[in-house]
Amino acid sequence: MPRSPRYTPIWEEQARKIRLLKDDLYMARRTIVELMPEKARSILNSYYETKSKEDWYRWPDQAAEQIIELCTDVTQRTYQGYLYEERAKCPLCGDGPQSFYDGHVGFKLPEGLRRHLTGYGRSRECSVFGAVRALGREHYQDRHKRLGEAPNWATMNPKSEEGHD
Ligand SMILES: [Zn+2]
């Protein structure tokens, strides 16, 4: 009687595929960071220095603050000679708000851009910053695994903690 061929169990095959996809996703996110100009890259890579849950909570706001400082090409709007707002496109992804009037001049500084970077409320989150936040979450999770503590996903994402969807 012929021996049946040796099959890899389907769950092993699926686990292998998931591992490969996770590796690919990690590399794609890292590539996004590597494509950024040097100053932005150094700010974005600072997620790696977060060591505690508190560090991790603070990181998006602190990094966003520094990214806002990188804005060039700031459009100043005046009314009767007085400056009433400054706007700039996102220094990471080049996006502006989805608005007919302001889309071409960018987000209002600093709050509009901060909301875009951190995905606050219903703002469309910056794709570059979002990729780095995902890297940061993984870094945080891995660190906890190494230390033998189970991370609590419900409290790991500052966005979900704020009660936004
Ligand atoms: Zn952006």
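Residues in segment 79-138 that are under 21 Å from residue 58 (Cβ atoms), modelled with pLDDT under 90 and within 15 Å of the ligand (Cβ to nearest atom): 120, 123.
Each row is one residue, and each column tells you yes or no for (1) among the acidic types (Asp, Glu); (2) surrounded by fewer than 16 Cβ atoms within 10 Å (Cβ to Cβ); (3) over 15 Å from residue 129 (Cα atoms); (4) under 14 Å from the mean Cα position of the chain (by Cα).
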site	(1), (2), (3), (4)
29	no, no, no, yes
51	no, yes, yes, no
62	no, yes, no, yes
65	yes, yes, no, yes
77	no, yes, yes, no
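The single residue among 95, 73 that is in contact (Cβ under 8 Å) with a residue 12 or more places away in the chain, surrounded by fewer than 16 Cβ atoms within 10 Å (Cβ to Cβ) and assigned to a loop (DSSP other than H, G, I, E, B) turns out to be 73.
For residue 147, state whether it is out of contact with any strand residue (DSSP E or B) (no Cβ under 7 Å at 6 or more places or on another chain), of a type in the set (A, V, I, L, M, F, W, C) and loosely packed, with under 12 Cβ neighbours inside 10 Å. In short, yes.
The values are calculated or read from the model by the stated rules, or taken from the named source; none is laboratory data. Being a predicted model, the structure only gives us computed values, none of them experimental. All Cβ positions, glycine included, derive from the backbone under ideal geometry; neighbour counts span all protein chains shown.
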